[in-house]
Amino acid sequence: MKKSLLWMMIILISLTLMSAFTISGCKKGTAAETSAAETTAAETTSAETRTAETTTAETTTGEKVTLRIASFQGGYGREWLDEAIRLLKEKNPNVEVDLLFDPKIAEQLQPMFVAGNPPDVVLPGGFFDRLGAILEGQFKPLDDLLNSKAIDKDMLFKDTFEKGTFTAATFNGHTWYIPMWVSTYGWWYNETIWNKNEWVPPKTWDEAYALFDKMKAAGVGPIANQGIYPLYIRYTYLPEFIARLAGPQKFEACWNLKPNSWTDPEVVKAISFIAELEKKYFQEGHLGMNHLQSQAEVMVGNAGMIACGNWFPKEEEQVWPEGSEIRAMPYPPFEESSYPQKVYVKDGDVWQMCVIPTEAKQPELAVEFYKILFSEQVQKFAVEKTGALTSYKDSAQWLPDNKFARAIKSTLEYYKDADYTIPQQEILDFSYPEIAKAIDDNILKMFDDKITPEQAAAAIQKAIDDYIAKPDAFIHEFKLGVE
């Protein structure tokens, strides 16, 4: 009876605590919380240094040890995780692994963090308040891990990743996560249909306008768009056009929520260009289409192209016309602009980012697991199995020769010559969901002719100013490293 009463009390206390937390058991943004994160980082530095250099000696003898792993279940499956687990256990015969792999992983992680008993390795998914967890000191900084030696190469672990991998992951003086997958973007089109119509990817905007007119004359909507979800405008057109027409410093200012950044005339020019493109060349009825409907329009030839990330080919598997090849191309340059034009959005996938909880019971094993996961052997395995790009350096070399991978490879033809790349989801979606929503809402109003581009820019700036005025506002300050 006493045990029953004790458990009832524990459950009631846990429920009370959970109600005070956001989805990760955290709230976001106060100066005290930022200080807490920095204190945690400082306290764990010496331990992290030891952890990063740990050999497997202490796990190859003695009692059984359990490494707990929790990962969001996404479209890339789990074979790559299983391969890393296999290699970890092969090196450490006394290690058992408990893997929790679920699309609703955030709901399961919440009570674990509240109880101070999180898994050792966590890929928490987009519904988990990752930023809140960082600010409250619930994730370890990964600086010492990244600055330690790679498990399979004579170089630092951080140097095995693509350049720019940690641009958005580094703030408050530390690097907090490692993105597993990488998103590239462009205008996607059915190359087979284009070849039949003798359509050629445009190199200039004048060529693009001429092509769009040909498409309209043929009864084809030039540009499909996922109109129900205006976030697709924010994923691609908006950041690239701002960077190309306003330059890298003003792009940084916009994404760092600086005063008057969104009402700058060059930024307004980028927004105005999007409005004009939508009015003249977006497919009729696009505002009523979701992502699958609009993307299918391109696959079957009802529309010429669509802006999307490199998940596009796999999403179209069910409507892929037999024998068709899909390709991507960049937006044409703004020839009158004095700023670099080969600028493309490149994001780490925010749904499977790798972190280590501060209260992990097996931090040394967590470090070893990540080094195995991001070894050449496992990364090659992951790319070959999924046909997706990872953050590992030159992962594209392992893309298989199939229609999905050939489509993804087409983005790399222009990304390899980029002046620089810019993060989008890792900044706005990760740190400022309310600002992201304000952008989406005002873009949609602009497309509905309810407001002008100037009014859209002013409304976005007001949302930023209101956010900044909050006492607990957090600024995810980042640098592109571009002059």
Just to be sure, is GLN461 modelled with pLDDT of 95 or more, surrounded by fewer than 16 Cβ atoms within 10 Å (Cβ to Cβ), assigned to a helix (DSSP H, G or I) and of a type in the set (S, T, N, Q)?
-> no
Select the helices (runs of 4 or more DSSP H) contained entirely in the stretch 208-293, then report the ones holding at least 1 residues which are closer than 28 Å to HIS476 by Cβ, polar (S, T, N, Q) and touching a Pro at 6+ places or on another chain (Cβ under 9 Å).
-> 265-281
Exactly one of ASP417, ASP441, ASP448 is in the same structural domain as GLU191 (by TED's automatic domain parsing), touching a Pro at 6+ places or on another chain (Cβ under 8 Å) and acidic (Asp, Glu), and that one is ASP441
Which residues, taken from the stretch 297-345, are among the aliphatic types (A, V, I, L, M) and out of contact with any Phe, Trp or Tyr (no Cβ under 8 Å at 6 or more places or on another chain)?
-> VAL300, ALA303, VAL319
In the stretch 69-128, how many are among the aromatic types (Phe, Trp, Tyr) and either without any contact (Cβ under 8 Å) to a residue 60 or more places away in the chain or in contact with a His (Cβ under 8 Å, 6 or more places away or on another chain) (or both)?
-> 1
Do we have any residue at all in the stretch 427-440 that's more than 30 Å from GLY125 (Cβ to Cβ) and of a type outside the set (Gly, Ala, Ser)?
-> no
Output the residues belonging to the stretch 294-304 that are part of a loop (DSSP other than H, G, I, E, B) and either of a type in the set (Phe, Trp, Tyr) or touching a helix residue (DSSP H, G or I) at 6+ places or on another chain (Cβ under 8 Å) (or both).
-> GLY301
What tally of residues in the stretch 244-269 results from selecting those that are free of Cβ contacts under 8 Å to residues at least 24 places away in the same chain and crowded, with 23+ Cβ neighbours inside 10 Å?
-> 1
Sort through PRO230, PRO201 and tell me the only one that's surrounded by fewer than 21 Cβ atoms within 10 Å (Cβ to Cβ) and within 20 Å of CYS308 (Cβ to Cβ).
-> PRO201
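For residues in the stretch 129-162 being of a type in the set (Lys, Arg) and either in contact (Cβ under 8 Å) with a residue 60 or more places away in the chain or not assigned by TED's automatic domain parsing to the domain that holds PRO363 (or both), which is farthest from VAL367 (Cα to Cα)?
Top of the filtered list is ARG130.
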Output the residue which, of all residues in the stretch 403-420 that are in contact with a Lys or Arg (Cβ under 7 Å, 6 or more places away or on another chain) and assigned to a loop (DSSP other than H, G, I, E, B), is surrounded by the fewest Cβ atoms within 10 Å (Cβ to Cβ).
-> ASP417
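The values are calculated or read from the model by the stated rules, or taken from the named source; none is laboratory data. All figures in this text were calculated on a predicted structure; none of them were measured in a lab. Quick reminder, even Gly has a Cβ in these numbers, built from the backbone with ideal geometry, and neighbours come from all protein chains shown.
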